[in-house]
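Okay, structure first, notes after.
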Amino acid sequence: MRTSIATVSIAGELRDKLAAIAGAGFDGIEIFEQDFIAHSGTPAEIGEMVRDHGLRIDLMQPVRDVEGLPEPLRRKAFDRVERRFDLMEQLGTDLLLVSSGTHPASLGGIDRMAADFAELGARAAARGLRIGYEARAWGRHVSDYRDAWEVVRRANHPNVGLILDSFHTLAKKVSPEAIRSIPGDRIFHVQLADAPLIEMDLEYMSRHFRRMPGEGDLPLLDFMRSVAATGYDDAFSLEILNDQLRGGAARIAALDGRRSLIYLADQLRRAEPDLSLDLPEMPERGRMEGIEFVEFTANESEAKILGGMLSALGFSRVARHISKAVTLWRQGDINIVVNTEQEGFAHSAYVMHGTSVCDIGLLVEDASATVERARVLGANLFSQKIGAGELKIPAVRGVGGTVLHFLDRHSELGEVWEREFQPLEGETGVASAGLSRIDHIAQVMKHDEMLTWTLFYTSVFDIAAQPEVDVADPSGIVHSRALQSSDGAVRLTLNGVDTHHTFAGRFVSDSYGSSVQHLAFATDDIFATAESLAANGFDSLPIPEDYFFEIRSRFSLPEEMIAALKRANIFYDEDGAGGSYFQFYSQPYGDGMFFEIVERRGGYDGYGARNAPYRTAALKRVRRKASIQPR
C-alpha cells in the first residue's frame, strides 16, 4: 500500500516537512503551490529535492472554480489550469486536483460541467497529465462524490478521473456504499481524514478540525471497505488541516500520520481478509487485563515522605528488589514500586522531574505480541541494562518520557514479583484500608499532544476512546479524554492543557513535563475506607461548603447521606441511568501530584467531571496556603 501526505498537513519550511515525511516512511506527497511560493528554489529544483528524499509528488493541488462558468470566466479559469500544467511539468507530477467550485457566477448543470472536463482532459492528455475531480462538501453545484462521479463519467475522457476524500463524504453523513459501483481505474486518488462528530459548518471544520484516522469519530473503515471493493490500488493520502498540528513538530505529525494509515489499513485487512495489502505483518491490538504496577522515582528523603503517604493510604511495604534500591508496596491487587536508585532510567527521570511516576506496568494478554505491534506502528522501544536475576520485560516510551512495561500471565513475566523481589521479614505493616485495584491513571500533557497519545493507545491496545470533554478549572479549561478497555479493567484519562494557570497546567510546568498527576484507587465501601484512612492519619482534601448546597439541589439524596459525604469530604455524582460515583482526594504533594479514592455503583462509567471545578479550586486553595507558610 502506497502512502502519501499533503504537505499542508505539517508545519514548517518545505525542506523540514520533506525530511519529516521521508523519515516517517511515506512514499509520496501532495504539494501545494504555497509550498514552493515560500521556497527559494524553482519548481524544477523543488521536484528534485522531493525525489532526493526518496519521495514522489502524487499530485498538485488545488484548483477551484473551474467548471460550469460562463465566458469570459471560463476562459480565464482554463488559463489558470494551463498555468498549473506548466508548474506540474517542472515539478515532475502528472495529477492535478480540481475541487468543486463555489463561484457565485457558476451556472452548474451536469452536462455543461462534463463538457468542461472533457476539454480539460484533452488539454491534459496533450501534455501527458491527468485531472482528478473532487466534490467538496460545501460545493455550489457538486457537493457529493456521486455527482462528481457523474460529471467524470459523462466527460468520458481517460485523463479525467475521480478523487475521493473521506472527510467530504463522512462529515456530511453521506453513505460511502455507492463508491463500490465506481470502476477502480476511474479513481485517481484517495484522501483520508478523520474529524470529531460535532455540529459545525463543514467548511470551517474542514479547515481547522480535521484529524488523523483514528483520532476522530468518522466511520473511516466503512469508507475504506467501499474503496477497496472497487479494486483501487494506488496511494492512500492524508490531507489534515488542523490548528493543533500547525503549531506542533513536523516529525511528530508525520509519525502520527504514518501510524494512523498503517493502523487503518490493518483494520481493513482484518475486515477484508481476501484483500492483498502490502503491509507489514503485526499482531492484533493487545487486550489489556489490568495495571500491574506503578513505579515512582524519588531520592531517599523524599521516598520516606512518599512512604508515609502510602502507609496512611493503607499500603504495606512487602518486598525489596534483589539487587536495586527498589521497594514494593502493596494493598489488594495494587502494586506501587518506589525506586531510589542513583543510576539508570529511574534516576534520570528523578533528575528531570523530581519525585514522580516514571514507569507503568500494563498486564496484557501477550506481552511480546503487544510490543511487536507497538514497534510496527512506530513506537519508541525502551531497554536498559538487565542485572543478574532480572527479567527482560518488553517496554516502550510513553507520555512525558515515562516507560510502559508489558507483562502477561502465560510467560515468565508473570513471575516478576517472585523472581525479582525478596519478601521483607519483620515488617509489621498497616491494616488495609480496603483499596482493591487501580481504577484509573490520569496523565497530563500539552493539549497539542492529546491526539498523538490517543492514537498511540487506541492503535496498539484494544482500548476505546470516549468523546473529548472540556473540564472547568477556575483558571481555564482542561481538555480531557478517557480511554478504557471494554471491561473497565484499565482506564486512563488524558488531560490536555493550554496554559500553566490551571492546576493541571501548573503541574506540567513545575514538574518539567511529568505526565502522571494522580492515581485513583478503587474501593467497594468508600465510607469504611474513609474511616480507616482517617484513623491512619490520612489528610483528605477539604471540600468547600458551597458544594453540598449544590448536590442538594441537583440530586435527591437523604440528609443522612449528605452529612456522611460532608464528614468524609466525599464528592458525589450520578449518571442518570442508576449509576453513582463517590470520590475523595488526598492533599497535593510535591509539584501537584495527588491520590484519589473512588467507588462506582450501578455501572457508573464516568469520572465525576461535574465535580472538577470544586476539586481544582480546593486543590489550588490548599496548595496556595501551603506555599505561604513560614519555613
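Brief remarks follow.
- Of all positions in the stretch 495-511, none carries a residue that is of a type in the set (F, W, Y) and not in a helix (DSSP H, G or I).
- Of residues in the stretch 416-433 being under 19 Å from L362 (Cα atoms) and either touching a Lys or Arg at 6+ places or on another chain (Cβ under 8 Å) or of a type in the set (K, R) (or both), the one surrounded by the fewest Cβ atoms within 10 Å (Cβ to Cβ): R419
- G401 of a type in the set (G, A, S) and more than 30 Å from N495 (Cα to Cα): no
- Condition met for D65 (touching a His at 6+ places or on another chain (Cβ under 8 Å), touching a residue at least 60 places away in the same chain (Cβ under 8 Å) and under 26 Å from R210 (Cβ atoms)): no
- Residues of the stretch 366-418 that turn out to be under 16 Å from E289 (Cα atoms), touching a residue at least 12 places away in the same chain (Cβ under 8 Å) and small (G, A, S), as a count: 4
- Residue list for the stretch 81-116, filter: of a type in the set (D, E, K, R), loosely packed, with under 15 Cβ neighbours inside 10 Å and under 41 Å from the mean Cα position of the chain (by Cα): R83, D86
Listed here are the residues, each with its yes/no results for (1) in the same structural domain as G354 (by TED's automatic domain parsing); (2) modelled with pLDDT of 85 or more; (3) over 22 Å from R437 (Cα atoms); (4) in contact with a strand residue (DSSP E or B) (Cβ under 9 Å, 6 or more places away or on another chain).
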{"residue": "G590", "(1), (2), (3), (4)": "no, no, yes, yes"}
{"residue": "I597", "(1), (2), (3), (4)": "no, yes, no, yes"}
{"residue": "G603", "(1), (2), (3), (4)": "no, yes, no, no"}
{"residue": "G608", "(1), (2), (3), (4)": "no, yes, no, yes"}
{"residue": "R623", "(1), (2), (3), (4)": "no, no, yes, no"}
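- The residue list A148, A114 contains one member that is in the same structural domain as Y204 (by TED's automatic domain parsing) and farther than 28 Å from G214 by Cα, which is A114.
- Exclusive hit being modelled with pLDDT of 95 or more and part of a strand (DSSP E or B), set G121, G132, G128: G132
- Flag if E574 is of a type outside the set (K, R) and surrounded by fewer than 16 Cβ atoms within 10 Å (Cβ to Cβ): no
- Only listed residue being assigned by TED's automatic domain parsing to the domain that holds E302, touching a Leu at 6+ places or on another chain (Cβ under 9 Å) and in a loop (DSSP other than H, G, I, E, B), chosen from G378, G414, G387, G361: G378
- Any chance A612 is touching a residue at least 12 places away in the same chain (Cβ under 8 Å) and either surrounded by fewer than 18 Cβ atoms within 10 Å (Cβ to Cβ) or acidic (D, E) (or both): no
- Every test in (1) touching a helix residue (DSSP H, G or I) at 6+ places or on another chain (Cβ under 9 Å); (2) more than 28 Å from V351 (Cβ to Cβ); (3) exposed (fewer than 15 other Cβ atoms within 10 Å of the Cβ) is passed by L413 save one, and that test is (3).
- Of the residues making up the stretch 434-485, those that are in contact with a Lys or Arg (Cβ under 9 Å, 6 or more places away or on another chain), more than 20 Å from G400 (Cβ to Cβ) and in a loop (DSSP other than H, G, I, E, B) number 6.
- Residues in the stretch 465-506 that are surrounded by 15 or more Cβ atoms within 10 Å (Cβ to Cβ) and among the charged types (D, E, K, R): E468, D473, R481, R491, R506.
- The stretch 516-561 - residue that is outside any helix (DSSP H, G or I) and among the acidic types (D, E) and, of those, farthest from Q331 (Cα to Cα): D539
- Scan of the stretch 53-100 for residues that are assigned to a loop (DSSP other than H, G, I, E, B) and farther than 25 Å from S4 by Cα, ordered by number: D65, V66, E67, G68, L69, P70, E71, P72
- A count restricted to the stretch 170-193 and to residues that are over 20 Å from D58 (Cβ atoms) and surrounded by 16 or more Cβ atoms within 10 Å (Cβ to Cβ) stands at 4.
- Taking the criterion of being over 20 Å from G606 (Cβ atoms) and among the basic types (K, R), the only residue of the stretch 474-528 that qualifies is R506.
- Boolean, V396 is within 23 Å of the chain's Cα centre (by Cα) and in a strand (DSSP E or B): yes
- Screening F527 on (1) of a type in the set (F, W, Y); (2) surrounded by fewer than 23 Cβ atoms within 10 Å (Cβ to Cβ); (3) modelled with pLDDT under 90 shows it passes everything except condition (3).
The values are calculated or read from the model by the stated rules, or taken from the named source; none is laboratory data. As the structure is a prediction and not an experimental result, all values here were calculated from the model. Note that each Cβ is placed from the backbone with ideal geometry, even for glycine, and that neighbours are counted across all protein chains shown.
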